[in-house]
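Working notes, structure below.
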Amino acid sequence: MQNTAIPNGELIHNFPERHPLLTDLLAFTAGALSTLAFAPFGLWPFAILLPVVLLWSWDHATPRQAALRGGLFGLGLFGCGIYWIYISLHDYGNAPALFAALATFAVVWLMALYPAVVGWLLIRWGPPPGSRRWLLAFPALWTLLDWIRSWLFTGFPWLALGYSQIDAPLGQFAPYLGVFGVGWTVLLSAGLLRASLCDGNRVRLERLGLLAVLWLSAWGLGRIHWAEPAGPPLQIAIIQGNIAQNQKWQPDALDATLYRYIQLSLPEHDRNQVIIWPETAIPAFYQNVRPFIDALATRAQRDQVDYVTGLPTGSWETSIFHNSVARIGSTVAFYHKRRLLPFGEYLPLREFFLFFRSWVTIPMADFTAGDHNQPLLQVGGQPVGISICFEAVFGSEIRQSLPKATWLINVSNDGWFKDSTAPHQHLQIARMRALEVERYMARSTNTGVSAILDERGQIVVQAPQFQPVAIRGEVHPLRGLTPYARWGDIPSVVLMIASLVASWLLVKRASKP
């Protein structure tokens, strides 16, 4: 009888061709499991290991199959990673369940297009399976599209792979290359692992050696500090009011809300120089609560305390409204949010999406973006970089306040997401911002997660979620510029383009007779 057994190596090699449906399922599963690399789970090795599965699924795929598998990986990643959009729309936006589900799927599907495009381009125009694909083309192409995702259609860079490495050695590249550069090192590590699985013993050792060099470089760069003290530490308190989202904007709840914040804050006057309240902690327009603000300012001046609080500003006369932060102390000064949340704070392409307002109820959803050249607020005697909620997702926004800002404040209201993964992911993003520019950050949220972060993005103190609480600690004002704070994403983008050009030139040279 003829022996028809297939050697194990050949079986693995031919598996995608012989079992395409199972390979598709594996691509989706790998994407879904990749969510575990991010907060609150923190299984950061998954961000390196699971893209290896996707690379393997592309080895013998057509461009259409590669696009499908990339899209399935994206559906798994974003479907399990940003499902909380449904909670915001349905539970608090009062949208019908079907509409909320369809809107959430539309966002997930749009995000999944990016890895789908990576797969199609890689197979259609990229090098064949091998080191040029795995080490040059794939990491650069994915990272470049992640960067494009951060600004195209207003930008939504949530779940960029670099965020998963905030507690991993590769995260130490952040002060040099930012979150997208960190993501590139993640995918380069995945490519090196993929290559080591296919090459001979000698070449396998070379690939693993390069992987070790990459990780040791991250460790070495992490020993370098780019910032130095700019003054004595500031004693601060962060107030987490824990006001229920469905009660926050009720007119008859305003007095109780203000009373809670005052009760939590007054015991902190003798201990702290700065007291920080969350985004829209005062859920009323500035001119409507002016007597309260004036009384708070009088008390703050007497006790030499600076208050920082979120509240809406503007007037019906001008029809210009801002999502703002007020510094209340010797004077009252404002910062107006510059990067607004699409559909949440303003309606893009109103003539096309006006129907959205018929289905979803969102308070204060017609804000105007603040000027990009606003002067920094002085808080605790130091210039501080302010960001409000969604702005912390963009490193390009945070670095605008550098080099003048000696510390950072981020205020947010993550009560929109209940006890989902979103508040933990948002905190992880804020930690990356602190690490990129090497500045302490005080983060105040309505329901959590409030925290003080040091210049390495590590949590100094953290508040429990869903509890009205005051947490206190020190922030150290710092001066100096990291390479990322100086140049932003430009070095990473140049690196990605250079890698793609090198890959193309090598393929072209190899194709010559």
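The values are calculated or read from the model by the stated rules, or taken from the named source; none is laboratory data. On a predicted model such as this, the values are computed, not experimentally measured, just so you know. Using ideal geometry, Cβ is built from the backbone for each residue, glycine included, and neighbour counts are taken over all protein chains shown. Each accessible area value is taken on the protein alone, full model and side chains, heavy atoms only, with ligands, DNA and RNA left out. Shrake-Rupley method; radii C 1.70, N 1.55, O 1.52, S 1.80 Å.
Quick notes on this structure:
- If you go through region 272-316 and keep only what is farther than 24 Å from residue 235 by Cα and β-branched (Val, Ile, Thr), you end up with 289, 313.
- Residue within region 487-508 that is of a type in the set (A, V, I, L, M), buried (at least 16 other Cβ atoms within 10 Å of the Cβ), closer than 24 Å to residue 162 by Cα and under 19 Å from the mean Cα position of the chain (by Cα) present: yes
- Of all residues in region 178-200, those satisfying the criterion of being small (Gly, Ala, Ser) and touching a residue at least 12 places away in the same chain (Cβ under 8 Å) are 178, 181, 183, 189, 190, 191, 195, 196.
- Against the list (1) of a type in the set (Phe, Trp, Tyr); (2) out of contact with any Lys or Arg (no Cβ under 7 Å at 6 or more places or on another chain); (3) part of a helix (DSSP H, G or I), the condition residue 134 fails is (2).
- Count of residues meeting criterion [of a type outside the set (D, E, K, R) and over 13 Å from residue 432 (Cα atoms)] in region 384-409: 15
- Any chance residue 125 is surrounded by fewer than 21 Cβ atoms within 10 Å (Cβ to Cβ) and closer than 30 Å to residue 246 by Cα: no
- Within region 297-311, considering residues that are closer than 16 Å to residue 254 by Cα and surrounded by 24 or more Cβ atoms within 10 Å (Cβ to Cβ), the one farthest from the chain's Cα centre (by Cα): 309
- Across region 270-286, not a single residue is classified as without any contact (Cβ under 8 Å) to a residue 12 or more places away in the chain, under 30 Å from residue 89 (Cβ atoms) and either surrounded by fewer than 16 Cβ atoms within 10 Å (Cβ to Cβ) or among the hydrophobic types (A, V, I, L, M, F, W, C) (or both).
- With a requirement of 3 or more residues that are of a type outside the set (Val, Ile, Thr), the strands (runs of 3 or more DSSP E) lying completely within region 382-500 that satisfy it span 382-388, 407-412, 441-445, 469-475.
- Filtered residue count, region 226-260, keeping only those that are more than 20 Å from residue 289 (Cα to Cα), open to solvent by 60 Å² or more (accessible area, probe 1.4 Å) and either touching a Leu at 6+ places or on another chain (Cβ under 8 Å) or at pLDDT below 95 (or both): 4
- Test for residue 167: is it among the charged types (D, E, K, R) and either under 25 Å from residue 480 (Cβ atoms) or outside any helix (DSSP H, G or I) (or both): yes
- When the residues of region 411-453 are filtered to those that are under 13 Å from the mean Cα position of the chain (by Cα) and polar (S, T, N, Q), the one that is surrounded by the most Cβ atoms within 10 Å (Cβ to Cβ) is 425.
Each row is one residue, and each column tells you yes or no for (1) over 21 Å from residue 418 (Cβ atoms); (2) at pLDDT below 95; (3) in a helix (DSSP H, G or I); (4) over 23 Å from the mean Cα position of the chain (by Cα).
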{"position": "2", "(1), (2), (3), (4)": "yes, yes, no, yes"}
{"position": "6", "(1), (2), (3), (4)": "yes, yes, no, yes"}
{"position": "11", "(1), (2), (3), (4)": "yes, yes, yes, yes"}
{"position": "28", "(1), (2), (3), (4)": "yes, no, yes, no"}
{"position": "31", "(1), (2), (3), (4)": "yes, no, yes, no"}
{"position": "57", "(1), (2), (3), (4)": "yes, no, yes, yes"}
{"position": "80", "(1), (2), (3), (4)": "no, no, yes, no"}
{"position": "95", "(1), (2), (3), (4)": "no, yes, no, yes"}
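- Scanning region 319-340 for residues that are assigned to a loop (DSSP other than H, G, I, E, B) and under 23 Å from the mean Cα position of the chain (by Cα) yields 337, 338, 339, 340.
- Considering (1) touching an Asp or Glu at 6+ places or on another chain (Cβ under 9 Å); (2) assigned to a helix (DSSP H, G or I); (3) over 25 Å from residue 505 (Cα atoms), the lone condition that residue 153 does not fulfil carries the number (1).
- Check on residue 381, modelled with pLDDT of 95 or more and open to solvent by 60 Å² or more (accessible area, probe 1.4 Å): yes
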